[in-house]
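A quick write-up on the structure given underneath.
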Amino acid sequence: MLPFLFRRIFGAVVILLLLSAFTFFVFFSTGDPAMMACGKNCTADNVALIHHNLGLDKPLPTQYWDFLAGIFTGRDYTIGHCDAPCFGYSFATKQDVWTTMMDRLPTTASLAVGGAVAFLVIGLGAGLLAAWKKGSLLDKTVTGASMVLSSVQIYILGPIVLGIFVYSGIMASPKYVELTSNPGGWFMGLLLPWLVMSTIFTAQYTRMARSTMIEQLQEEHVRTAKAKGMPARYVFMRYAWRGSLIPIVTILGIDLSSLFGGAMITEYTFSLAGLGRLAINSVITLDLPMILGVLIFSAALILVFNIIVDATYALIDPRVRLS
């Protein structure tokens, strides 16, 4: 297990270095960041001063090395010292990029985790019921509904849900409230975004859970357990259900990036101040330090989650060996 984890961590570090280098060189070589940071009515003297203050008068590889070193050791700017991990200061707000991301992270984390719980509980539950009642009216209804819902996009379903529940006065407008200060307000404030964001994932995991469970029910060890006279429900949950989790966990690891993308669209649709909305606004305003910080931080989170998912394979199925 440890050699496997070390290899995955090393691979993740290499990917982050390549991603950060590619993004840095693309952003800082195709335009003049000083002009973006200076704003309107900018003079040549101001541009030269910004070049010096941000280190933009240095060679591009040196600038990238200073950027990497700042993440681990911090960095000094004319507006103050940026403590590690330092991704620089926003061109738009002049605030520390890391501090801004940490302020937005609880919203995105709550949205992503809550949405994942919603589509896993609803999707896997519906898929299990459909597999248990294969060929019945319930199975056909669940399968048909999942086919329809899989084609519904967030940016279409979101405004519809807002019109039905929020603009009509049935529910309050979605907003983020700290979980520790008001658990009920936190749950109700994110309920609609959770359901909207998880719709497509719920449909996909319903179909996947149904198909994998039906396949597992045909396996030799499952049929042997049935032949020994074990109760059908025990065989269903103890043997078939556990085996069906392997492909589901695999797809879940792949879907983590899609989950962040869904959170980004959901935040913009429901006007939630999270990392996704921050990234979109940064692209619109060409806030390069913020774009680079959000990109690297999001990629690091996805890689960490993928390593965790891979490491859980051996816990789910003893037949899996990480060598």
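The values are calculated or read from the model by the stated rules, or taken from the named source; none is laboratory data. Predicted model, so just to flag it, every value in this text is computed and none were measured. Here Cβ is always computed from backbone atoms with ideal geometry, including for glycine, and neighbour counts include all displayed protein chains. Each accessible area value is taken on the protein alone, full model and side chains, heavy atoms only, with ligands, DNA and RNA left out. Shrake-Rupley method; radii C 1.70, N 1.55, O 1.52, S 1.80 Å.
I need a count of the residues in segment 97-145 that are open to solvent by 40 Å² or more (accessible area, probe 1.4 Å) and under 30 Å from ASP287 (Cα atoms).
Qualifying residue count for the region: 9.
Would you please list the contacts, defined by Cβ atoms under 6 Å and residues six or more apart or on different chains, that run from a residue in segment 86-104 that is at positive phi to a residue that is of a type outside the set (Phe, Trp, Tyr)?
GLY88/VAL97; GLY88/PRO289
Does SER168 fit the bill of being closer than 25 Å to GLY261 by Cβ, free of Cβ contacts under 8 Å to residues at least 24 places away in the same chain, out of contact with any Pro (no Cβ under 9 Å at 6 or more places or on another chain) and part of a loop (DSSP other than H, G, I, E, B)?
Values: closer than 25 Å to GLY261 by Cβ: no; free of Cβ contacts under 8 Å to residues at least 24 places away in the same chain: yes; out of contact with any Pro (no Cβ under 9 Å at 6 or more places or on another chain): yes; part of a loop (DSSP other than H, G, I, E, B): yes.
So SER168 fails the test.
Being open to solvent by less than 80 Å² (accessible area, probe 1.4 Å), part of a helix (DSSP H, G or I) and either among the β-branched types (Val, Ile, Thr) or within 24 Å of TYR268 (Cα to Cα) (or both) is the filter here, so list the residues in segment 146-155 that pass it.
Keep residues of segment 146-155 that are open to solvent by less than 80 Å² (accessible area, probe 1.4 Å), which gives 146, 149-150, 152-154.
From what is left, the residues that are part of a helix (DSSP H, G or I) are 146, 149, 154.
Within segment 146-155, LEU149, ILE154 meet the criteria.
Based on what the data block shows, is PHE305 surrounded by fewer than 20 Cβ atoms within 10 Å (Cβ to Cβ) and either modelled with pLDDT of 80 or more or touching a Cys at 6+ places or on another chain (Cβ under 9 Å) (or both)? Working first, answer last.
Details: surrounded by fewer than 20 Cβ atoms within 10 Å (Cβ to Cβ): yes; either modelled with pLDDT of 80 or more or touching a Cys at 6+ places or on another chain (Cβ under 9 Å) (or both): yes.
Yes; evaluated as a whole, the condition is true for this residue.
Pick out the one residue from ALA203, ALA209 that is more than 24 Å from TYR155 (Cβ to Cβ), surrounded by 22 or more Cβ atoms within 10 Å (Cβ to Cβ) and of a type in the set (Gly, Ala, Ser).
Details: ALA203 fails: more than 24 Å from TYR155 (Cβ to Cβ).
Result of the check over ALA203, ALA209: ALA209.
Return the only residue of GLY114, GLY184 being assigned to a helix (DSSP H, G or I), at negative phi and within 23 Å of the chain's Cα centre (by Cα). Break it down stepwise before answering.
Details: GLY184 fails: within 23 Å of the chain's Cα centre (by Cα).
From the options GLY114, GLY184, the qualifying one is GLY114.
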